[in-house]
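Coordinate-derived values only; no laboratory data. All figures in this text were calculated on a predicted structure; none of them were measured in a lab. For neighbour counting, all protein chains shown are included, and Cβ atoms are generated from backbone atoms with ideal geometry for every residue, glycine included.
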Amino acid sequence: MLDKNQQFDYLMSNHLSGNISEDEERALIDFLNLDPQYKILYAEMAKTRAISFIPVLENEKESNYNNFNKALPDNLLLSVKLTPFRNFLRIAAAVIFMLSTSISSYYFFTNSRNGNLTTCEAFVPLGSQAKVILPDGSVVWLNSGSTLKYNNLFGKKDRTIQLTGEGYFEVTKDKTKPFLVHTNDISVKVLGTVFNVRSYLDDPTVEVNLLEGRVNITTQSKESANTLNLAPNEKMIYNKKNGTMLSYRADAAKSAQWTIGKLCFVDASLEQIAKDLERKFDIKIKLSTKNINNEIFSGSLNLNQPLNEILDYLDVDKKFKKVYSGKTVLIKNKNQMAYE
């Protein structure tokens, strides 16, 4: 008769190898709910398992980088003056990879249980990025400060996830089970396609860019529900304030450049760019001069460079003064009084 620790080791071995039965999975869940120490031990073992996949990820990163690298040259910048393996309990089938320098900074955990449903949540902290392989083989790249949720029936009964933040999706085709991405404001429905969704809570808009296939987008508002279909190289922008949803022609591949370490922007203010830099580098950028946002930028930045080099490059005319203090950067205009 195995003691509790031996039973846990046995269940974890089956779980990490992907050979765990449903009864064993329920037993493992009971262990995790029974004692916080088992949760800690599970997290350590799961993290070790995830780290073992990093060499595979690095190969894929290099391939993806080479493919995307042709789309836009590094540091092309224009400044224009003017007056956005199953579930956590099956890490072998749903693997999360960090693209940050610190693998230990990720969180991938079950946060709730409702009857036979277990919610899996992948959270990517600021300063990190992650790749998640879902049970159906679909791949999701998560940007800094993003959260992905789905339950243990994903791929069996349906394919539904909840996203907060930004995700780049490569969805496995399944005509019998549509793939649904829900955010606080919109729902995206696909059968098998490639697209990017940007839906941060503190952004005024939600954006969907379609690279391949077709997507159907519906607003979540019951009072004024709208539906929109996108074709490749089209993007949708939803305005949270007025509830409008519009589509435009776009170079959709640029929206996914963040997955290979680039920041692409078109007619963006420094305030908009600063938000992305804050998430990428886990810092706070304060703009203390009124006329800083009287300039807009279009181009591409290499986010693998140090932050100070990126900010120096944005300062095309060398008119800003940058003050670094811990995890805060204050940007002032050299020729104008700052305001608080």
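Summary table below
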{"read-out": "Taking Tyr238, Tyr200 and counting other C-beta atoms within 10 Å, the order from fewest to most", "value": "Tyr200, Tyr238"}
{"read-out": "Pair Ser187, Gln305: separation of 7 Å Cα→Cβ label points (nm)", "value": "4.4 nm"}
{"read-out": "Within the stretch 261-333, percent of DSSP bridges classed antiparallel, to nearest 5", "value": "75 percent"}
{"read-out": "Order of Lys240, Lys262 - criterion: other Cβ atoms within 10 Å of each residue's Cβ, fewest first", "value": "Lys240, Lys262"}
{"read-out": "For the stretch 225-340, the spread of Cα positions along each principal axis, largest first, Å", "value": "46, 32, 25"}
{"read-out": "Principal axes of the stretch 220-259: Cα extent on each, largest first, Å", "value": "35, 20, 13"}
{"read-out": "Long-range HN-HN contacts of Asn333 with modeled amide H, under 5 Å", "value": "Thr289, Lys321"}
{"read-out": "For the stretch 22-33, 3J(HN,Hα) per residue [Karplus equation, 6.51 cos²θ - 1.76 cosθ + 1.60, θ = phi - 60°, Hz, x = Gly/Pro]", "value": "5, 5, 5, 5, 5, 5, 5, 4, 4, 4, 5, 7"}
{"read-out": "Cβ-based exposure ranking for Val190, Val124, Val329, in which fewest neighbours within 10 Å come first", "value": "Val329, Val190, Val124"}
